[in-house]
Amino acid sequence: MPEIKKKYYIIGNPVEHSLSPTLHSYIYKIFNLSCSYHKIRIKKAELKDFIITCRLKNISGFNVTIPHKETIIPLLDKVEDEAKLFGAVNTVKNEKGKLYGYNTDIIGCRYALKRSSWQQSGKVVILGAGGAARSALAALSSFTPSSVSLFNRTPEKARLLKDQFSDHLNFDIIAENVKFHNMENLLSNTTLLINTTPVGMWPETQNSPISDSKIIPENITIFDMVPNPVYTTLLKDAEKRGAEIISGLSMLISQAVAAQEIWLERKIPLETFNKLWTHIIEMSGQYHEHD
Ligand code: NAP
């Protein structure tokens, strides 16, 4: 009997710029798997119909991106504990019409931090308070930072996140704008800064959430969740200052690998990370042109 090709998708809106099809298709190539992975733009009003189609048709699983990571939860049959606790799902597995939700963004973020030499303690500063900030806080909950400061354009959203995570983390400053605080002073005592805003993302690659790069200390780790470009202006500035840098691509690859481990029910060897990294770097010029 011919092998049935398994179909996987990423759903969201917008989804055109997603690197996920490139990453997942390459995993299938490396392991010679009969699977395909495509992106589909699904608007908010189309989510319920997509879920119905998914249960009925031969769709083995899908990734979920903006704006569905939270709203999909009540539409699923079961949600894994961590995804439920932190209120967001980015990976769904279809088992005979039953849909199971997971959050591999949290796993990817944790893994990106573990791969770095960040000491997993000390003061942490997070810029932004959306879905990516929530993944960062969930990941940080399994480390031991002494405090977390949140800066967001809309401070109410930062306060909501603080309320959600205050059982797991100690919060320090919650504020609107980095400029209103003595950021230089704060950063000099900080071990890790995570940018979870899209500032610096392609095509506005000249922007950085830290406009005065001189305030970046050399002994800090800077994690920019923006995956495209791989090295943002923030990361380039930080590297020039002597800081350790973590690219959003590290998290993106790790969350994709974690999703495949769930879908395929097998461990993916560690060296796959490096193969995916090299592949994306090679592809990235082409990726920009087509974006
Ligand atoms: P989101 O839920 O829309 O949140 C975006 C956050 O950034 C909000 O707090 C927003 O502030 C703030 N923000 C947006 N534009 C800003 C600007 N021009 N200046 C200052 N703050 C701004 O989006 P998200 O899902 O968190 O994604 C954010 C970034 O993380 C994107 O670049 C995305 O690609 C990246 N990401 C990467 C990975 C990965 O695997 N590497 C995974 C997830 C996300 P307000 O609250 O005021 O609107």
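Check whether at least one residue in the stretch 181-193 is modelled with pLDDT under 90, closer than 19 Å to MET251 by Cα and not polar (S, T, N, Q), and report yes or no.
Within the stretch 181-193, not a single residue is modelled with pLDDT under 90, closer than 19 Å to MET251 by Cα and not polar (S, T, N, Q).
Can you pull out the residues in the stretch 127-163 that are basic (Lys, Arg) and either away from the ligand (no atom under 14 Å from the Cβ) or surrounded by 21 or more Cβ atoms within 10 Å (Cβ to Cβ) (or both)?
ARG134
Can you give me the ranges of the strands (runs of 3 or more DSSP E) entirely in the stretch 172-291 with at least 3 residues that are more than 12 Å from the ligand (Cβ to nearest atom) and either open to solvent by 30 Å² or more (accessible area, probe 1.4 Å) or over 23 Å from SER117 (Cβ atoms) (or both)?
none
If I ask for residues that are basic (Lys, Arg) and away from the ligand (no atom under 16 Å from the Cβ), which ones from the stretch 91-121 would you list?
LYS93, LYS96, LYS98
With respect to VAL124, determine if the residue is farther than 24 Å from ALA158 by Cα and either within 11 Å of the ligand (Cβ to nearest atom) or open to solvent by less than 10 Å² (accessible area, probe 1.4 Å) (or both).
no
Any residue in the stretch 152-166 that's closer than 15 Å to ALA138 by Cα: show its pairings with residues that are of a type in the set (D, E, K, R) and part of a helix (DSSP H, G or I) at Cβ separation under 8 Å, as long as the two are six or more apart or on different chains.
Once the first residue is closer than 15 Å to ALA138 by Cα and sits in the stretch 152-166, its partners that are of a type in the set (D, E, K, R) and part of a helix (DSSP H, G or I) give LEU161/ARG134; GLN164/ARG134.
Name the residues in the stretch 107-121 that are buried (at least 20 other Cβ atoms within 10 Å of the Cβ), among the small types (Gly, Ala, Ser) and within 25 Å of GLU184 (Cβ to Cβ), would you?
The answer is none; no residue qualifies.
The values are calculated or read from the model by the stated rules, or taken from the named source; none is laboratory data. Treat the numbers as computed from the prediction; the structure is a model and nothing was measured. Please note: Cβ atoms are built from the backbone with ideal geometry, for glycine as well, and neighbour counts cover all protein chains shown. Calculation scope for accessible area: heavy atoms of the full protein, side chains included, ligands and nucleic acids excluded. Shrake-Rupley method; radii C 1.70, N 1.55, O 1.52, S 1.80 Å.
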